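Chemist: Dropping the structure in here first, questions after.
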């Protein structure tokens, strides 16, 4: 029975990576989840338990997607794009750096998923406004910074809450542990990503940019995004789950904007990429099935054994393995499995920290490494753009591997 669960899990991941027949990631994840139940490999009640575990994530994503779609409808992204492009003063390098800095701020205070959902359309608009011949060079920033900056703060990545089982260290303790490694990860990712794109950064971009007036609805959407940031920081400080507050702020912002602009709510509802929620639900079901195979227990035993031999070596090996494993399995299920193993193994804090860094930074290797990168792919498709998985992998090898090694080294020191 266990082997069949593993085969289905592998086929699902292959379907997500290759996307045969151009079917969405959600189709493959949900097909795998249904097969597990229909074939009797996972009881229906356990599948429901798996789906229930993702409730906070679904609410978080729903709120962020509503915010992003509302902002898009009110041309907020076009306004932000014009401001950024004007500030670049005709320099593609300056625009690259401006986008990266904004990505760090958005990821830090709104989460990496928000960077993928909210920033990608804004950057696509900026590249269009700048009349860039290489828009992907700027759009890649959204994917890479979303993962590299996702352990600056506890709220920067929902996976952080998973690894710590909801009991996060106080903010001063978090900064003490992750502050310097996060700086190294972000700076090195920026530098290495620029190196991969530098030949395309020689073009001159549009200098004379007319900044359009921000509409009243756009101002409300901007306020809503700012309010969401504040709410998330407060909830994080109080150890309150982030999903419901994000969904509430997203719904309220959308309703206020819709009432002021007298638009049909169905316009926003239809425009949101809701398929990402069943995709995540399917992954939670697959993790629930993998957990029944004893995989979590085996990983926990290995972590405990390695930690007894050497905490430092256990940190290195676990961080690297989970980083590459996240690209095979996606960091959401990989993080859930790792979190269960970490909690069962009672390992030193440095090992837990290395696992978190692997889960957060490791997915910069491939397009299916993290939920944020998949959200980025969905956002790209909405803009009529796409990126080849092989192209991303070649960039990821240059960017992720050195950044991961040096970040783990800083943590170890």
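The values are calculated or read from the model by the stated rules, or taken from the named source; none is laboratory data. Nothing here was measured: the structure is a model prediction, and the numbers come from that model. Cβ atoms come from the backbone with ideal geometry, glycine included; neighbour counts cover every protein chain shown.
Chemist: Could you check how many residues of segment 291-311 are in contact with a helix residue (DSSP H, G or I) (Cβ under 6 Å, 6 or more places away or on another chain) and part of a helix (DSSP H, G or I)?
Modeler: Looking only at segment 291-311, we keep the residues that are in contact with a helix residue (DSSP H, G or I) (Cβ under 6 Å, 6 or more places away or on another chain), and these are 293, 296, 299-300, 303-304, 306-307, 311.
Still in the list and also part of a helix (DSSP H, G or I): 296, 299-300, 303-304, 306-307, 311.
Number of matching residues: 8.
Chemist: Taking segment 255-289 only, how many residues are in a helix (DSSP H, G or I), under 23 Å from the mean Cα position of the chain (by Cα) and crowded, with 17+ Cβ neighbours inside 10 Å?
Modeler: 14
Chemist: Something else now. What is the residue count in segment 236-254 for residues that are surrounded by 14 or more Cβ atoms within 10 Å (Cβ to Cβ) and over 14 Å from residue 64 (Cβ atoms)?
Modeler: Taking segment 236-254 as the starting set, the residues that turn out to be surrounded by 14 or more Cβ atoms within 10 Å (Cβ to Cβ) are 236, 240-254.
Among the residues that remain, those that are also over 14 Å from residue 64 (Cβ atoms) are: 236, 240-241.
So the count comes out to 3.
Chemist: Out of 188, 171, 161, I need the residue that is touching a residue at least 24 places away in the same chain (Cβ under 8 Å), within 30 Å of residue 92 (Cα to Cα) and out of contact with any strand residue (DSSP E or B) (no Cβ under 7 Å at 6 or more places or on another chain). Which one?
Modeler: Working: 171 fails: within 30 Å of residue 92 (Cα to Cα); 161 fails: within 30 Å of residue 92 (Cα to Cα).
Checking each option against the conditions leaves just 188.
Chemist: With respect to residue 62, determine if the residue is more than 17 Å from residue 224 (Cα to Cα) and either assigned to a helix (DSSP H, G or I) or in contact with a helix residue (DSSP H, G or I) (Cβ under 7 Å, 6 or more places away or on another chain) (or both).
Modeler: Numbers: more than 17 Å from residue 224 (Cα to Cα): no; either assigned to a helix (DSSP H, G or I) or in contact with a helix residue (DSSP H, G or I) (Cβ under 7 Å, 6 or more places away or on another chain) (or both): yes.
No; evaluated as a whole, the condition is false for this residue.
Chemist: Still on this model: Pairs, please: C-beta under 6 Å, at least 6 apart or cross-chain, first residue over 23 Å from residue 98 (Cα atoms) and in segment 205-234, second at pLDDT below 80 and surrounded by 15 or more Cβ atoms within 10 Å (Cβ to Cβ)?
Modeler: 217/261; 232/155; 232/242
Chemist: Need at least 1 residues that are within 18 Å of the chain's Cα centre (by Cα) and over 23 Å from residue 288 (Cβ atoms) per element, so show me which helices (runs of 4 or more DSSP H) inside segment 330-384 make the cut, counting only ones lying wholly within it.
Modeler: Values: elements: 331-345, 349-361, 371-382.
The qualifying helices (runs of 4 or more DSSP H) are 349-361, 371-382.
Chemist: Would you check if residue 97 is modelled with pLDDT of 80 or more and more than 17 Å from the chain's Cα centre (by Cα)? Let's see the steps before the verdict.
Modeler: On the way: modelled with pLDDT of 80 or more: yes; more than 17 Å from the chain's Cα centre (by Cα): yes.
It is true that residue 97 is modelled with pLDDT of 80 or more and more than 17 Å from the chain's Cα centre (by Cα).
Chemist: So for segment 104-126 (the condition being on the phi < 0 side of the Ramachandran plot, surrounded by fewer than 21 Cβ atoms within 10 Å (Cβ to Cβ), out of contact with any helix residue (DSSP H, G or I) (no Cβ under 9 Å at 6 or more places or on another chain) and in a helix (DSSP H, G or I)), does at least one residue qualify?
Modeler: yes
Chemist: While we're here: For segment 397-413, what are the residues that are without any contact (Cβ under 8 Å) to a residue 60 or more places away in the chain and either part of a loop (DSSP other than H, G, I, E, B) or buried (at least 22 other Cβ atoms within 10 Å of the Cβ) (or both)?
Modeler: 413
Chemist: Pick out the one residue from 10, 16, 5, 51 that is within 29 Å of residue 268 (Cα to Cα), part of a helix (DSSP H, G or I) and either free of Cβ contacts under 8 Å to residues at least 12 places away in the same chain or over 19 Å from the mean Cα position of the chain (by Cα) (or both). Walk me through it before giving the result.
Modeler: Working: 10 fails: within 29 Å of residue 268 (Cα to Cα); 16 fails: either free of Cβ contacts under 8 Å to residues at least 12 places away in the same chain or over 19 Å from the mean Cα position of the chain (by Cα) (or both); 5 fails: within 29 Å of residue 268 (Cα to Cα).
Only one candidate passes the filter, namely 51.
Chemist: Sticking with this structure for a sec: Are any of the residues in segment 9-32 over 17 Å from residue 280 (Cα atoms) and buried (at least 18 other Cβ atoms within 10 Å of the Cβ)?
Modeler: From segment 9-32, those over 17 Å from residue 280 (Cα atoms) are 18, 20-22; that's our starting set.
From what's left, buried (at least 18 other Cβ atoms within 10 Å of the Cβ): none.
The answer is no, given that none of the residues of segment 9-32 is over 17 Å from residue 280 (Cα atoms) and buried (at least 18 other Cβ atoms within 10 Å of the Cβ).
Chemist: Exactly one of (1) farther than 30 Å from residue 315 by Cα; (2) surrounded by fewer than 17 Cβ atoms within 10 Å (Cβ to Cβ); (3) in contact (Cβ under 8 Å) with a residue 60 or more places away in the chain is unmet by residue 198. Its number?
Modeler: (3)
Chemist: Now, a different point. Could you please let me know if residue 326 is part of a loop (DSSP other than H, G, I, E, B) and touching a helix residue (DSSP H, G or I) at 6+ places or on another chain (Cβ under 8 Å)? Steps first, answer last, please.
Modeler: Numbers: part of a loop (DSSP other than H, G, I, E, B): no; touching a helix residue (DSSP H, G or I) at 6+ places or on another chain (Cβ under 8 Å): yes.
Against the criterion (part of a loop (DSSP other than H, G, I, E, B) and touching a helix residue (DSSP H, G or I) at 6+ places or on another chain (Cβ under 8 Å)), residue 326 does not qualify.
Chemist: Can you find even one residue in segment 142-149 that is part of a loop (DSSP other than H, G, I, E, B) and on the phi < 0 side of the Ramachandran plot? Spell out the reasoning first.
Modeler: If we filter segment 142-149 for residues that are part of a loop (DSSP other than H, G, I, E, B), which is where we start, we get 149.
Those still in the list that are on the phi < 0 side of the Ramachandran plot too: 149.
Looking for residues that are part of a loop (DSSP other than H, G, I, E, B) and on the phi < 0 side of the Ramachandran plot, one finds at least one in segment 142-149, hence yes.
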